[in-house]
């Protein structure tokens, strides 16, 4: 059995920068954008395609080894959950632990993604960011069956990422801070308190 | 072209760095962790040629490795 950590959240939220801070020490993290960017820097014209192939190959390698590992995935489209499902189906005993980076301030995602692109890294359009941002919580609830645990990380422009909630499906254990951000208080909190199956 | 195919798998991997969940830390411990994490983020972003984006006096700014701070 392996624990597979999904570092999730819309583009520009800070998954690549801060994801490692909430993944156990020395555990491998696979980031498809970083893999593609590395191919780009090495002169590959088809860096996106080859990056995706390499990402899939490395995920398979970790699954076959039975290792715990982490992957970065927006979880902003149903296709992302389909990918998670395929990982889960590889070994039904594996756990899927989602660490969701999210914010009440979508503008922060727009700005960070824009600056990242200006610095030579991958481009994500504001339309796509908005779409993924709006899809994130509804899709999480729709696909909650696949998930073993959820850690919610609140992102603001002024502070370090803050873990504000943890939910473990086993035993329906819910731990959270008193003052939740709106995105959790208004929606997800009630869903989790009812056992994540409303 | 030869260089293009010689990227080792290890070069694609990143590593977790959590020794204790910040969610389980006491206030003092958390303060120290946040300070370290801020320094890590700053160094990481500058090392990959990106600025640090944050709120300063109510406005969103980008701070660059050379010390420039620009309104965005």
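Values computed for the structure shown
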{"quantity": "Sorted by Cβ density within 10 Å, fewest first, the residues B:25, A:132, A:176", "calculated": "B:25, A:176, A:132"}
{"quantity": "Residues B:61, A:84, sorted so that the one with the fewest Cβ neighbours within 10 Å comes first", "calculated": "B:61, A:84"}
{"quantity": "For residues of B:36-45, the mean tally of beta carbons on other chains within 10 Å", "calculated": "3"}
{"quantity": "Overall form of the stretch A:1-88 per C-alpha gyration tensor (a/c, 1.5; a/b vs b/c)", "calculated": "rounded"}
{"quantity": "Neighbour-count order for A:90, A:110, A:101, fewest beta carbons within 10 angstrom listed first", "calculated": "A:90, A:110, A:101"}
{"quantity": "Spacing of the two label points (7 Å from each Cα toward its C-beta) at residue A:168 and residue B:31, in nm", "calculated": "3.0"}
{"quantity": "Three-way shape call for the stretch A:107-149 based on the alpha-carbon gyration tensor, with the a/c threshold at 1.5", "calculated": "prolate"}
{"quantity": "Tensor-based shape of the stretch A:71-178 (alpha-carbon gyration tensor, a/c under 1.5 rounded, otherwise prolate or oblate)", "calculated": "oblate"}
{"quantity": "Linear extension gain, residue A:178 paired with residue A:46, 0.36 nm per residue minus alpha-carbon span", "calculated": "42.7 nm"}
{"quantity": "Relative contact order for the stretch A:3-193, counting Cα pairs under 8 Å that sit 6 or more residues apart, in percent", "calculated": "26"}
{"quantity": "Dimensionless Rg ratio for chain B, taking C-alpha atoms and the 2.2 N^0.38 Å reference", "calculated": "1.54"}
{"quantity": "Theoretical FRET efficiency, 1/(1+(r/R0)^6), r = Cβ-Cβ of residue A:148 and residue B:38, R0 35 Å, to 0.05", "calculated": "0.70"}
{"quantity": "Among A:157, A:45, A:113: highest mean-square fluctuation, GNM of chain A, C-alpha pairs under 10 Å", "calculated": "A:45"}
{"quantity": "For residues of A:17-30, the mean tally of beta carbons on other chains within 10 Å", "calculated": "6"}
{"quantity": "Inter-label distance, nm, simple model (7 Å from Cα along the C-beta direction), residue B:9/residue A:186", "calculated": "4.5"}
{"quantity": "Cα-Cα P(r), the protein assembly as shown, percent of pairs per 5 Å interval", "calculated": "1, 5, 12, 17, 20, 18, 14, 8, 3, 1, 0, 0"}
{"quantity": "Point-to-point label distance, residue A:123-residue B:64, nm (Cα→Cβ direction, 7 Å offset)", "calculated": "2.1"}
{"quantity": "Test item: A:109-118 mean partner chain Cβ contacts at 10 Å", "calculated": "4"}
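Where a number appears in this text, it was derived from the coordinates with a stated rule and is not lab data. The model shown is predicted, which means the values in this text are computed figures rather than measured ones. Note that each Cβ is placed from the backbone with ideal geometry, even for glycine, and that neighbours are counted across all protein chains shown.
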